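One structure is given below, encoded as structure tokens.
The values are calculated or read from the model by the stated rules, or taken from the named source; none is laboratory data. Since we're looking at a predicted model, the values are computed, not measured. So basically every Cβ, Gly included, is an ideal-geometry build from the backbone, and we count neighbours across all protein chains shown.
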Amino acid sequence: MKHAKISWLSGQPFNLQFFDIYFSRENGMAEKEYVFLHNNHLPERWRGKKQFVIAETGFGSGLNFLTTVHHWLKSSNDTACLQYIAIDKFPLSQEDLRQALSHWPQLNHLLSEFILHYPPAVPGFHHIPLFKHRVVLTFILGDVETGLKQMSANVDAWYLDGFSPEKNPEMWTKPVFQKIAGLSKKNTSFSTFTAAGLVRRGLSEVGFNVEKIKGYDQKREMLRGTFSKESAPNLKTPWFELPQSEDKVKHAIVVGGGIAGITTAWALAQRGWQIDLIEQREHIAQEGSGNPVGLLMPRISLDESPESQFYAAAFFKAIRQLRVLNNENPDIHWNQGGILQLASSARIKKQIDKLKCDPDFVQAVSSNQASKLAGIEIQSEALYFPMGGWLNPLRLCQSLIQNTSGRIKPHLNTRVQHLLARENQWQIYNQNHQLITASETLILANAVQATQFEAFDWLPLSPARGQMSLIPTTAASKNIRCAICYGGYILPATEGEHVIGATFIRGDGLRNLRQADQEKNQEKLEQHLPTVFDFKTQVLKGHAAVRALTPDRIPIVGPVPDMDFFKAQYHDIQKGKSLSTYPRAQYLKGLYLNVGHGTKGLTTSFLSAELLASQINNEPIPVSIKTQQALNPARFIIRAFKKSKAQS
């Protein structure tokens with residue numbers, strides 16, 4: 001997608017596509033306060049609330065957002081969270097945004113943090129916590145109708161701030177009004193600059209009580225109103241509808257002390273939860289998270305599948321979070337030095353030929369360009385991820401636990417053998433049938449070991465062994481400046497050694513270090529970088545771990561379906577019956593999964609943890625509905641039922 005085309009008229013941004021200004025330079029902030037805060041009765045409506053949800057159609061310059069944040073931080077409870085959802089098809093560039101908002105020095109302290117996390121022009125959902133989680137911005141880049149269709153939220157107030165219907169008719173269509181109504185509840189409010197009859201009639205027809213009132217300053221009229229109906233669920237896919245959230249004691253058990261489990265515990269701790277973290281080994285982060293260095297890079301695709309949307313969103317989420325964490329604790333050694341993906345397969349060569357992405361996300365580069373970026377000779381074209389990088393997973397996990405001021409309590413060398421649901425709690429027992437602890441919220445983030453429990457015998461997780469190696473530097477290899485991937489990978493030298501890897505053996509769950517695997521890592525490196533190393537056979541150091549794979553290469557994140565209910569209610573979905581005949585899904589109360597991250601755990605864990613924490617806390621979902629359904633554990637059960645039609 002493209003940034004908005006802006007012309008500057010005496011310091012004021014003017015949109016060249018819609019031929020209109022974003023705000024009044026003289027009184028823009030006062031104008032926004034009147035139209036959107038005053039006429040949605042803010043901040044008085046959010047006082048005393050733990051959460052308030054505002055949705056905006058047309059983010060524009062971000063002045064509405066920062067003006068609202070300015071008042072929120074002054075007038076809301078210190079533990080309350082503003083959930084702000086904004087949709088924009090033509091976002092401003094970071095440079096234009098900074099210039100546009102420079103007129104209001106009272107917003108500078110907010111602007112600096114916001115700019116730091118402002119996303120590149122990559123379509124999809126961008127989840128951006130700000131100001132120590134006092135504010136969460138979900139920035140949806142794309143078409144307004146599609147964005148609204150993919151939102152999952154209960155909106156308290158709408159800012160309808162697209163350019164006028166005459167100049168931007170796509171923002172004011174009947175389907176848009178219907179989707180706004182579908183995301184509203186009784187007494188949800190709206191306000192908008194426009195007083196156009198099309199808007200007044202459209203909102204009235206979908207259930208809003210609309211009134212025309214005096215506009216700001218010289219503007220004669222504007223519209224505001226409230227939704228008069230009770231919200232009604234639209235169960236297009238009843239088997240993927242999330243469970244109705246209930247108030248819970250803010251305590252959870254998380255089983256699994258790797259990156260998936262620790263980010264999950266951390267995301268809940270950020271919301272005030274106390275966590276018992278259960279890990280069967282003597283130390284945290286000993287499996288895939290036990291590698292001395294891990295790569296953070298996306299998995300890109302030429303299509304717009306839920307898989308590609310998830311990996312892009314997860315990559316940006318992880319990048320933003322690591323910036324914050326690294327500023328607080330540089331010991332995690334986050335090195336955002338860029339990653340080269342060599343043209344080592346037909347799939348990557350096709351991506352290089354047809355790539356259309358924001359260059360801040362990924363670039364197609366020639367062999368000469370790749371050589372300059374790498375610091376050594378590269379003999380093929382490549383993809384370059386300038387925002388990619390590497391870090392120490394163990395130190396990251398340790399930092400996340402320390403970051404929560406004691407809210408995460410690790411239980412090491414503790415194996416969970418049995419689960420028991422009793423008296424609205426999940427009780428976990430060790431191999432000696434002794435109770436470890438209990439809670440009404442239990443999250444399994446223990447990779448393939450989740451399948452040991454009877455409730456998960458349907459879960460299609462499989463092990464895959466991976467072994468990385470440490471290879472001594474050479475005079476040439478010391479010049480490597482970025483991570484290089486080629487079917488394997490090599491990282492810049494640390495303390496005289498390079499991390500290279502990694503083997504990938506499906507179905508192998510053993511962790512013993514193997515010389516044959518060390519030699520495979522060397523052979524693959526020699527194939528792609530033949531002039532850089534001395535490849536005489538030698539005994540190398542290394543680390544082996546087992547990852548959990550899913551059949552569709554996407555993690556499994558969400559509530560655990562009640563298999564008996566699913567079998568009874570959805571076994572016949574292949575017959576094509578009306579969706580209205582099926583009830584809303586039921587789940588095992590308080591039980592959740594966060595597993596199946598494969599080789600991309602560093603990239604995928606932060607967003608997966610945020611998705612799970614949002615579901616548990618009844619917050620707006622930070623990904624599209626399609627992505628949430630693609631991650632939903634129930635997807636495998638539903639696919640099996642549908643597959644029975646093809647086999648019958």
Quiz prompt | Which numbered condition Thr188 fails, given (1) within 24 Å of Cys81 (Cα to Cα); (2) outside the structural domain of Val155 (by TED's automatic domain parsing) | solution = (2)
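More than 27 Å from the chain's Cα centre (by Cα) and not acidic (Asp, Glu): does that describe Ser164? First the steps, then the outcome.
Numbers: more than 27 Å from the chain's Cα centre (by Cα): yes; not acidic (Asp, Glu): yes.
Against the criterion (more than 27 Å from the chain's Cα centre (by Cα) and not acidic (Asp, Glu)), Ser164 qualifies.
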Quiz item: Asp564 versus (1) in contact with a strand residue (DSSP E or B) (Cβ under 6 Å, 6 or more places away or on another chain); (2) not in a strand (DSSP E or B): which is the lone unmet condition?
Solution: (1)
Quiz item: Quick check: anything in segment 150-157 surrounded by fewer than 19 Cβ atoms within 10 Å (Cβ to Cβ) and among the charged types (D, E, K, R)?
Solution: no
Quiz item: Is at least one residue of segment 168-177 surrounded by fewer than 19 Cβ atoms within 10 Å (Cβ to Cβ), at pLDDT below 95, of a type outside the set (A, V, I, L, M, F, W, C) and not in a loop (DSSP other than H, G, I, E, B)?
Solution: yes
Quiz item: Can you name every residue in segment 388-414 that is basic (Lys, Arg) and surrounded by 15 or more Cβ atoms within 10 Å (Cβ to Cβ)?
Solution: Arg395, Arg407
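Given the options Ile471, Ile490, name the one that is of a type outside the set (Asp, Glu), modelled with pLDDT of 95 or more, touching a His at 6+ places or on another chain (Cβ under 7 Å) and not assigned by TED's automatic domain parsing to the domain that holds Lys567. Break it down stepwise before answering.
Details: Ile471 fails: modelled with pLDDT of 95 or more.
Checking each option against the conditions leaves just Ile490.
Okay, residues lined up against (1) under 30 Å from Ser345 (Cβ atoms); (2) in contact (Cβ under 8 Å) with a residue 60 or more places away in the chain; (3) not aliphatic (A, V, I, L, M):
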residue	(1), (2), (3)
Ile408	no, yes, no
Arg422	no, no, yes
Ile436	no, yes, no
Ala445	no, yes, no
Gly466	yes, yes, yes
Pro472	yes, no, yes
Ile480	yes, yes, no
Leu491	yes, yes, no
Glu497	yes, no, yes
Practice problem: Can you give me the number of residues within segment 534-550 that are at pLDDT below 85 and of a type in the set (S, T, N, Q)? | Solution: 2
Quiz item: Of all residues in segment 24-58, which are touching a strand residue (DSSP E or B) at 6+ places or on another chain (Cβ under 8 Å), within 20 Å of Leu223 (Cβ to Cβ) and among the hydrophobic types (A, V, I, L, M, F, W, C)?
Solution: Val35, Phe36, Leu42, Ile54, Ala55
Quiz item: Consider Gly487 against the criteria (1) small (Gly, Ala, Ser); (2) within 24 Å of Ser371 (Cα to Cα); (3) crowded, with 17+ Cβ neighbours inside 10 Å; (4) under 31 Å from the mean Cα position of the chain (by Cα): it satisfies all of them except one. Which criterion is unmet?
Solution: (3)
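Residue by residue through segment 82-105, note down the ones that are in contact (Cβ under 8 Å) with a residue 60 or more places away in the chain and not β-branched (Val, Ile, Thr).
Gln83, Lys89, Phe90, Pro91, Leu92, Ser93, Asp96, Gln99, Ala100, His103, Trp104
For segment 296-330, which positions are among the basic types (Lys, Arg) and closer than 18 Å to Leu400 by Cα?
Let us first name the residues in segment 296-330 that are among the basic types (Lys, Arg), namely 299, 317, 320, 323.
Scanning segment 296-330 gives Lys317, Arg320, Arg323.
Residues are listed down the side, and each one gets a yes or a no for (1) in a helix (DSSP H, G or I); (2) over 22 Å from Ala455 (Cα atoms):
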{"site": "Lys577", "(1), (2)": "no, yes"}
{"site": "Tyr592", "(1), (2)": "no, no"}
{"site": "Lys600", "(1), (2)": "yes, yes"}
{"site": "Phe606", "(1), (2)": "yes, yes"}
{"site": "Ala609", "(1), (2)": "yes, no"}
{"site": "Val623", "(1), (2)": "no, yes"}
{"site": "Gln629", "(1), (2)": "yes, no"}
{"site": "Phe636", "(1), (2)": "yes, no"}
{"site": "Lys642", "(1), (2)": "yes, no"}
Quiz item: Are any residues in segment 204-262 basic (Lys, Arg), part of a loop (DSSP other than H, G, I, E, B) and more than 23 Å from the chain's Cα centre (by Cα), and if so, which ones?
Solution: Lys219, Arg220, Lys229, Lys236, Lys248
Quiz item: Do we have any residue at all in segment 551-560 that's more than 28 Å from Gln425 (Cβ to Cβ), part of a helix (DSSP H, G or I) and either among the hydrophobic types (A, V, I, L, M, F, W, C) or at pLDDT 95 or above (or both)?
Solution: no
